[in-house]
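Here's the structure, in structure tokens; my notes come after.
The values are calculated or read from the model by the stated rules, or taken from the named source; none is laboratory data. In this text the structure is predicted, and so the values were computed from the model without any measurement. Ideal geometry is used to build each Cβ from the backbone, glycine not excepted, and the neighbour counts take in all protein chains shown.
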Amino acid sequence: MTDTSAAEREPGPGDGAIVTRGLTKRYRGGQLAVDGLDLTVPAGSVFGFLGPNGSGKTTTIRMLMGLIEPTSGTARVLGRPMPRATLAVLPQVGALIEGPALYGFLSGRDNLLRYDAADPIADPRTRRARVAAALDRVGLTAAAGKKAKAYSLGMKQRLGLAAALLQPRRLLVLDEPTNGLDPQGMREIRSLIRELASDGTTVFLSSHLLDEIEQVCTHAAVMAQGRLVTQGAVADLAAGTRGRLVVTTPDPADAARVLKEQGAADVVVTEDRVTAEPPERDLAEVNAALVTAGVRVRGFGVERASLEEAFVALTGEGFDVAG
Amino acid sequence: MSRADLDPAQEGTGGTAQESAGRTARTTQESTEQRIPLARRGSLLLNELRTTLRRWRTLALLGVLAAVPVLVGIAVRIETGDGGSAGGGTGEGPAFISQITNNGLFLVFTALAATLPFFLPMAVGVIAGDAIAGEAGAGTLRYLLVAPAGRTRLLLTKYATTMAFCLLATLVVAVSALTVGALLFPLGELTTISGTRISFTEGLGRALLIALVVAASLTGVAALGLFVSTLTNSGIAAMATTVGLLITVQILDQIPQLDAIHPYLFSHHWLSFADLMREPVYWDDLVKNLGLQALYAAVFGSAAWARFTTKDITT
Ligand SMILES: Nc1ncnc2c1ncn2[C@@H]1O[C@H](COP(=O)(O)OP(=O)(O)O)[C@@H](O)[C@H]1O
Ligand SMILES: [Mg+2]
């Protein structure tokens, strides 16, 4: 009866907290939401899962959490195949999926007690203490007795996060955890994520906000229209598009001429700034050539590309999303 | 049944092969539950019972059910306030109503006979219909499942809670009726349908037995409601559908031309509980009723399981 298909064999365990191969989901309506996703999330990383709204982030997360069945392909979480191993894997995973969902007629504390009771591994003897600790961690101790329907969006989001923190977790899966929060709330959530990551928890963080990923993540993957555009360490992704050489000078015309002579391409002059694709040779020599030619140089350097520029370079389109 | 089998989570390619693989997978996965201590596994059931009782909807339903014996008791009392027995004794109204003035205990039987055709199963339909669909609509289902509650465990918990509600609702009617009966009418020995006399204590015993049988009569609707609840993500839609099916079945049961199907309608033998008031007890219809309820529970329970364990949770 056992189904020893691709689900069991590849990819092997131990090569990542999350590993997917050819993961695909076509919804009932025919919508291809995720298309052949090959994702590897290194253990211990803070992994940004970046993409505009509708690019398939939540669908991927639902497949990883065993809520929906992939149309094809495989997913392993903490080395075990999903959705087959949900009961073994999920007690070690805290998740916030597409915003919090709460029982409005229950207090914040009672919401957490219920979610904890749903986990068959959770020890009832330590339940109250763990709930109190989780509430404390997200700063909701004072509001713990209030009915959840009276919570603000930010408080609901934090209560959802608290539910993910009821146990020590090996993996946290957070689907747009700062959605709908004010800047202060965003900062709080981000510092909490950094704190959790510093304890060694792998964090898988989806977001449509580039700067969020740049601020907190060590690794990232970029999604567009259900397909993986790229993945890797954040520093490498940004470096993937080479930075631009920027010279600030009161003699832009001379500077542009010299840069071209030195082999720089795509030279652009804007007032006192000359930018160009850096040539292959040592930049110290380029600088020396400018000075030798009598160009008065105020500033000389390479501007590292941001993740946003990397994204534009990769997809050939802007990262314009509403909300 | 067939809809549940042919309408699994998987879309597009693969159809049945993939589906059975998926179901095997989940069955294997659920078996890890066996190793978990019972005390921990029971946590969810306890919490579910408590949570259900804290919904205002549950309390409102129980309130309505408690009010029915009060209304019946007061109506009978007013009717017979100027002495004499109720409305000349026979004919109109629910079973046993004519005996209430002689013995308040009969209000228990009358109230159960009055609520079993509609109020009780409607209340059960609301609770059962909301069980899964309500959680799906609120989005709390996904968090229960990633906790991970386990799909089979969650469904069993929901069914057990619905059954507990059946019992509680029936007892609410019975206790309310007994209280009102004791306050408004004399208590004492009573006469069975067969004409023999039994002591008040034995009468109380029969009342309890009848309440248990009435509660058991609701298991079929409970299973049906739970199955409907796995088909939609709207608690309201599931409740309305279940109550609608209840009404439809009750109407079909009244149409003589359809008597071929009557024995298979879950409500057909409901009023057989009155046979517990015969001396000796007449068991045939009682057994048919309980057997039919078990059949409904098996069929719709399996259908609910087949549907729920393969369903895509997208809310
Ligand atoms: N339940 C569903 N049924 C059909 N299509 C869906 C469903 N959920 C999402 N989609 C579609 O799948 C695509 C990916 O959605 P989603 O995974 O929610 O993206 P994201 O989380 O990146 O915003 C979108 O085009 C969306 O409209
Ligand atoms: Mg999303």
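Among what's in region A:105-118 and is in contact (Cβ under 8 Å) with a residue 12 or more places away in the chain and buried (at least 23 other Cβ atoms within 10 Å of the Cβ), pick the residue that is farthest from the other protein chains (Cβ to nearest Cβ).
So, considering only residues that are in contact (Cβ under 8 Å) with a residue 12 or more places away in the chain and buried (at least 23 other Cβ atoms within 10 Å of the Cβ), the one farthest from the other protein chains (Cβ to nearest Cβ) is A:G108.
If you take the residues in region A:229-250 that are modelled with pLDDT of 90 or more and buried (at least 18 other Cβ atoms within 10 Å of the Cβ), which one is farthest from A:E280 (Cα to Cα)?
Here the answer is A:T249.
Please verify whether region A:188-203 includes one or more residues that are within 16 Å of ligand 2 (Cβ to nearest atom), of a type in the set (A, V, I, L, M, F, W, C) and at pLDDT 90 or above.
For region A:188-203, residues within 16 Å of ligand 2 (Cβ to nearest atom), of a type in the set (A, V, I, L, M, F, W, C) and at pLDDT 90 or above: absent.
With the condition kept exactly as written, say whether any residue in region A:36-53 is over 13 Å from A:L171 (Cβ atoms), in a strand (DSSP E or B), within 11 Å of chain B (Cβ to nearest Cβ) and away from ligand 2 (no atom under 13 Å from the Cβ).
There is no residue in region A:36-53 that is over 13 Å from A:L171 (Cβ atoms), in a strand (DSSP E or B), within 11 Å of chain B (Cβ to nearest Cβ) and away from ligand 2 (no atom under 13 Å from the Cβ).
Residues being in contact with a strand residue (DSSP E or B) (Cβ under 9 Å, 6 or more places away or on another chain) and charged (D, E, K, R): count how many of those fall in region A:258-291.
Residues flagged as in contact with a strand residue (DSSP E or B) (Cβ under 9 Å, 6 or more places away or on another chain) and charged (D, E, K, R) within region A:258-291 amount to 5.
Looking at (1) within 16 Å of ligand 1 (Cβ to nearest atom); (2) over 21 Å from the mean Cα position of the chain (by Cα); (3) more than 7 Å from every other protein chain (Cβ to nearest Cβ); (4) outside any strand (DSSP E or B), which is the only condition A:A101 fails?
Among (1) within 16 Å of ligand 1 (Cβ to nearest atom); (2) over 21 Å from the mean Cα position of the chain (by Cα); (3) more than 7 Å from every other protein chain (Cβ to nearest Cβ); (4) outside any strand (DSSP E or B), A:A101 violates only (3).
For region A:74-98, which positions are within 9 Å of chain B (Cβ to nearest Cβ) and of a type in the set (V, I, T)?
Across region A:74-98, the qualifying residues are A:T86, A:V89, A:V93, A:I97.
Condition test on A:V258, is it away from ligand 2 (no atom under 16 Å from the Cβ), among the β-branched types (V, I, T) and without any contact (Cβ under 8 Å) to a residue 40 or more places away in the chain?
When the stated conditions are applied, A:V258 passes them.
State whether the residues of region A:79-93 include one that is within 16 Å of ligand 1 (Cβ to nearest atom), assigned to a helix (DSSP H, G or I) and not β-branched (V, I, T).
No, region A:79-93 has no match at all.
Among the listed residues B:T170, B:T140, B:T157, identify the single one that is of a type in the set (S, T, Y), more than 10 Å from chain A (Cβ to nearest Cβ) and either surrounded by 23 or more Cβ atoms within 10 Å (Cβ to Cβ) or within 25 Å of A:L161 (Cα to Cα) (or both).
Of the residues listed, the single one that is of a type in the set (S, T, Y), more than 10 Å from chain A (Cβ to nearest Cβ) and either surrounded by 23 or more Cβ atoms within 10 Å (Cβ to Cβ) or within 25 Å of A:L161 (Cα to Cα) (or both) is B:T170.
Counting only residues that are free of Cβ contacts under 8 Å to residues at least 40 places away in the same chain and within 16 Å of ligand 2 (Cβ to nearest atom), which one in region A:154-181 is surrounded by the most Cβ atoms within 10 Å (Cβ to Cβ)?
Restricting to residues being free of Cβ contacts under 8 Å to residues at least 40 places away in the same chain and within 16 Å of ligand 2 (Cβ to nearest atom), the top hit is A:T178.
Can you tell me which residue within region A:63-73, out of those that are surrounded by 24 or more Cβ atoms within 10 Å (Cβ to Cβ) and either closer than 15 Å to A:L171 by Cα or more than 7 Å from every other protein chain (Cβ to nearest Cβ) (or both), is nearest to ligand 1 (Cβ to nearest atom)?
Applying the filter and picking the extreme gives A:M63.
Between A:A220, A:A224, A:A163, which is aliphatic (A, V, I, L, M) and closer than 27 Å to A:A122 by Cβ?
A:A163
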